[in-house]
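The structure under discussion appears below in the form of C-alpha cells.
The values are calculated or read from the model by the stated rules, or taken from the named source; none is laboratory data. These numbers were taken from a predicted model, which means no experiment stands behind them. Note that each Cβ is placed from the backbone with ideal geometry, even for glycine, and that neighbours are counted across all protein chains shown.
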Amino acid sequence: MNLDYLWTGFSVALSWQNLLIGLVGCFLGTIIGALPAIGPINGIALLLPIAYTLGLPPESTMILLAAIYTGSEYGGRISSILLNVPGDAGAVMTALDGNPLARQGRAGEALMISGLSSFVGGIIGVVGLTLFAPFLASLAIGFGPAEYFVLMVFAFATLGSMVGSQPVKTLIGCVLGLMLATVGLDPTSGAYRFTFDSPELGDGIDFVVLVIGLFSISEAMLMLESHAAGTSIVGKVGRTFVRWKDVVFTTGATLRGSIIGFVVGVLPGTGASVASAVSYTLEKRVSDRDGTFGKGDMRGLASPEAANNSCAAGAFVPMLTLGVPGSGTTAVMLGALMLYNIQPGPQLFAERPEIVGGLIASLYIGNVLLLLLNIPFVGIFSRLLLLPNWILVPGILVLSVVGVYSTHASVEAVLLMLGVGCMGWLLRKLGFDMAPIILGFVLGKVMEVNLRNALAISGGELGILFQSHISLILWVLAALVAVGPWVLQRWSRRRAARG
Amino acid sequence: MDAPQRPLAGSLSNRLAALALLAFSLVYGFAGSRIDYAFSSDPLGPRVFPVLLAGILGLLSLIYLLVPGRSETWPQGSVLMRCLALPVLVLIAALLFEPIGFAGAMFVMTAGVGRIFGASWRASLIGGLVQAALWYVVFGYLLDVYLPVGELFAVSRRG
C-alpha cells in the first residue's frame, strides 16, 4: 500500500507553524467541547472565516479545523460528567454513566478513563482512516458522474434514516440545503437562477454567511432559553488518577466502541451522536449483566467516548475520498475546502498530498497533544464551565460578526447572516436539525452537475443511472438504509407483542 | 415563513410550517420552471433539477402536514422578548458598524446581550467595555484583520 502521502503529511504537520496551529486548535477545541451548548460544528463555523481571512494556506486551515473537531470530541465529556449536560451532541451518552460516577465522588477517575478511551478511539480511528481512505480512493477512481449521483442519493438516504428521530424533517432539511445551492449562476448554460437580479447573489449564497447564521446566531438564541430555564452546579473533579484495574475492565468496551465509531463515521452524513448512541446501546447489550449501566459503570463511559472520537476520524474517509462528508462537522470542513476552490475526491490523494496527508498526520499528533492536555489539565478545563453565559454569548456574537464582515467587508453580509440565523432558530424550534441543510448545501452543486453530466453522456437516457454494478449496489444500499430500520422496528415490535 | 407572534401549540406550529414549506415549494418550482436560458450543453438544462427538488419538497411537506411530529415549546413572556431582543441588538450593531466603528458597535452589542443574559447593568457595561477593547486588540492588532474605525472618527481625524 502506498503511504507516501502520509510522509509528505508528517513533514507538513510537523513544521513549527502547523504544530502551533494544531496545539491552538486542540486547546480551543477542548474548550469548545467542554462548554455546554456549543459543539465542534459551532466552533468550526466560527473559526473558519477567521482562518480564511488570516490568509492561512488550505492545509493549515484544515489542520486547525481538524484539531478543533477532535479537541471538542475530547472536551465534550467534561460537562457531560460534571454537569450532566452534554458538551456536544457526541457526548450525550457519556452523561448516562459519567454523571452518576461524578455523583459518587469519582469524577476524577471518570475523566481519566474517558480521556484514555477517547485517545484509544481517536488513534484507532486515524489508523483506520490512514489505511482505508487510499483504498476507497482507488475504488472511487472508477466512479463516473452516474455513480457519484447515486452515491449522493445513498448519502441522503443514510442521513434520513439514521439522523434524528423525525426522518421527514431531516429530508426536508436536505432538500432545503440543495435548493439553497441552486441559487446563482449556472455554469453550463449561463443562466442566473433565483438571484432576483441581485449582483450579490450571482455567485450564489455564501457558505460562511449560511454556516455562521445557522450555527451561531440561532445557537445564541437557543442558549437564551436554556439560560432562562436555570443554571447548573459544577461538580468537583476530585482526585485524578487511573486505576490499572479500571483500564483492564474497560478495554473491551473501548475497543468495541472504537470500531463501531469508525464504521458509523465512514457512513455518509452520520456523526458522533449516532456513533456514541449505537456503541452505548450495543455495549449495554453485551456487557450489562448486573444492571449497572446508567448507574455509573466505567464501561458505559468508555464505549461512547471511544466511539465519538473514532467517528470523528472515520468521518474524514468519505469526505476526503469521495467529497461526501461523513458528518455535519465534516460538511462544514468540506465547505471550507471549497472556499479555497478545492473539490475533494479520489484525485486529492495524488494531487494535493500536503492537504490530505497533512490533515491525517495532524490527527495523529493532535490525539497525542490532546491526551497530554486532557490528563493533567482537566481541572483547568472544568473551571471554564463556570464561565457565565453573559460573557460567553456576546463573545460568540463578536466572532460571528467579525468572521462574516472580514470575509466580505460588507454590512449586507452581516444582515443576511442575521436573517439566516433567525430562520435557523425557527426551524430548530420546530424540531429540524441544521446539519442536513449544510450537507445538502455543500453537495448540491456536485449532485446536479453529476446528474447532468451523466445524462449528457447517455444523451438524456435515464438508464445510465442504473447501468454499472457500482450504481446498482449503491441503489440497493440506499433502499436498504432507507427501509431497513423501519422494517426492523416493526418486526421487533411484532415479536415483542407476541411475547 | 412568518415568525410566530405568540406561543403556538406543537402540532399547530408544525402544520403552519408544513403549509409554508408547501407554498415555498410551489413558488420555487414555478420560478424554477421559468428560468431563462439561451442554450445548454446538456440535455437536462438548468430547469429540471430545481423543479425536481420542488416536487420532492412538495411531497415531503405533504407528509409533514399529515404527520406533523413534535417540536419544542415556544418561549413565552419575558423569555420571548429577550429572544427577539438578541437579533435586534445584532442588527443595531451591524448598522452601527461602519458609522461608529468596530469597537463602539461591539460595545453596544456585548453590553446589551450581556444584559439580556441576566448580567446586572454594571456588569454588562464593564463586560461590554472589556470585550470590545479585548477583541479590538486581538483582531485589529494581533491578527491584523481589517475592521472599520468608524466614519465619524475618520471625518474628525481628517478635519
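Restricting to region B:18-41, name every residue that is at pLDDT 95 or above and facing chain A (nearest Cβ under 7 Å).
Selection gives B:Leu21, B:Tyr28.
I'd like to check which helices (runs of 4 or more DSSP H) are fully inside region A:383-499 and have at least 2 residues that are closer than 30 Å to B:Gly127 by Cβ and at the interface with chain B (Cβ under 8 Å from one of its Cβ atoms).
So the answer is A:389-408, A:411-429.
Kindly check whether there is at least one residue in region A:471-486 that is more than 30 Å from the chain's Cα centre (by Cα) and either among the polar types (S, T, N, Q) or under 22 Å from A:Met152 (Cβ atoms) (or both).
Pass one, region A:471-486, residues more than 30 Å from the chain's Cα centre (by Cα): none.
No, every residue in region A:471-486 fails to be more than 30 Å from the chain's Cα centre (by Cα) and either among the polar types (S, T, N, Q) or under 22 Å from A:Met152 (Cβ atoms) (or both).
Kindly evaluate B:Ala85 against the criterion of being at negative phi and assigned to a helix (DSSP H, G or I). Step through it out loud before you land on a result.
Details: at negative phi: yes; assigned to a helix (DSSP H, G or I): yes.
Answer is yes for this residue.
Among the residues of region B:71-88, write down those that are of a type outside the set (Phe, Trp, Tyr) and at the interface with another protein chain (Cβ under 7 Å from one of its Cβ atoms).
B:Ser71, B:Glu72, B:Pro75, B:Val79, B:Arg82, B:Cys83, B:Leu86, B:Pro87
Could you grab me the full set of residues in region A:174-203 that are under 22 Å from A:Ala456 (Cβ atoms), more than 9 Å from every other protein chain (Cβ to nearest Cβ) and buried (at least 21 other Cβ atoms within 10 Å of the Cβ)?
Restricting attention to region A:174-203, the residues satisfying the condition of being under 22 Å from A:Ala456 (Cβ atoms) are A:178, A:181-182, A:184-193.
From what's left, more than 9 Å from every other protein chain (Cβ to nearest Cβ): A:181, A:184-185, A:187.
Selection gives A:Ala181 alone.
Which residue is farthest from A:Ser303 (Cα to Cα), if the candidates are limited to region A:234-290 and must be in a helix (DSSP H, G or I) and charged (D, E, K, R)?
Ranking the candidates gives A:Lys245 first.
From A:Arg452, A:Arg383, A:Arg495, which residue is basic (Lys, Arg), within 30 Å of A:Met162 (Cα to Cα) and modelled with pLDDT under 90?
A:Arg495
All but one of (1) more than 7 Å from chain A (Cβ to nearest Cβ); (2) more than 17 Å from A:Thr170 (Cβ to Cβ); (3) crowded, with 21+ Cβ neighbours inside 10 Å hold for B:Pro68; which doesn't?
(2)
Can you name the residue in region B:103-159 that is out of contact with any helix residue (DSSP H, G or I) (no Cβ under 9 Å at 6 or more places or on another chain), within 24 Å of A:Gly403 (Cβ to Cβ) and away from chain A (no Cβ under 12 Å) and is also modelled with the lowest pLDDT among such residues?
Taking the candidates together, the pick is B:Tyr141.
Which ones in region A:195-228 are free of Cβ contacts under 8 Å to residues at least 60 places away in the same chain and assigned to a helix (DSSP H, G or I)?
Within region A:195-228, A:Pro199, A:Leu201, A:Gly202, A:Asp203, A:Glu225, A:Ala228 qualify.
Considering each of B:Val51, B:Val137 in turn, give the residue that is under 30 Å from B:Ala20 (Cα atoms) and part of a helix (DSSP H, G or I).
B:Val51
Can you tell me which of A:Leu139, A:Leu82, A:Leu131 is assigned to a helix (DSSP H, G or I) and either among the acidic types (Asp, Glu) or surrounded by 24 or more Cβ atoms within 10 Å (Cβ to Cβ) (or both)?
Step by step, each of A:Leu139, A:Leu82, A:Leu131 is checked, and only A:Leu82 is assigned to a helix (DSSP H, G or I) and either among the acidic types (Asp, Glu) or surrounded by 24 or more Cβ atoms within 10 Å (Cβ to Cβ) (or both).
Out of all the residues in region B:47-65, which are within 7 Å of another protein chain (Cβ to nearest Cβ) and either over 29 Å from the mean Cα position of the chain (by Cα) or aromatic (Phe, Trp, Tyr) (or both)?
Listed by number, the residues that qualify are B:Phe49, B:Tyr64.
For region A:100-116, check the following and say yes or no: at least one residue is within 22 Å of A:Val481 (Cβ to Cβ) and buried (at least 23 other Cβ atoms within 10 Å of the Cβ). Please lay out each step first, then the result.
From region A:100-116, those within 22 Å of A:Val481 (Cβ to Cβ) are none; that's our starting set.
The answer is no, given that none of the residues of region A:100-116 is within 22 Å of A:Val481 (Cβ to Cβ) and buried (at least 23 other Cβ atoms within 10 Å of the Cβ).
Could you grab me the full set of residues in region A:397-406 that are touching a residue at least 60 places away in the same chain (Cβ under 8 Å) and under 17 Å from A:Leu214 (Cα atoms)?
Answer for region A:397-406, where residues must be touching a residue at least 60 places away in the same chain (Cβ under 8 Å) and under 17 Å from A:Leu214 (Cα atoms): A:Leu397, A:Leu399, A:Ser400, A:Val402, A:Gly403, A:Val404.
Being under 23 Å from the mean Cα position of the chain (by Cα), of a type in the set (Asp, Glu) and within 29 Å of A:Pro346 (Cβ to Cβ) narrows it down to one residue among A:Asp206, A:Asp186; which is it?
Going through A:Asp206, A:Asp186 in turn, the sole match is A:Asp206.
Condition check ((1) surrounded by 21 or more Cβ atoms within 10 Å (Cβ to Cβ); (2) over 20 Å from the mean Cα position of the chain (by Cα); (3) farther than 24 Å from A:Leu371 by Cα) across all residues:
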position	(1), (2), (3)
A:Leu255	no, yes, no
A:Ile260	yes, no, no
A:Gly269	yes, no, yes
A:Ala272	yes, no, no
A:Ala275	yes, no, no
A:Gly294	no, yes, yes
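Scan region A:156-169 for residues that are of a type in the set (Val, Ile, Thr) and more than 10 Å from every other protein chain (Cβ to nearest Cβ) and report the count.
Of the residues in that region, 2 qualify.
Read through the list (1) surrounded by 18 or more Cβ atoms within 10 Å (Cβ to Cβ); (2) at pLDDT below 90, then give the number of the only condition that A:Gly424 fails.
All conditions pass for A:Gly424, except number (2).
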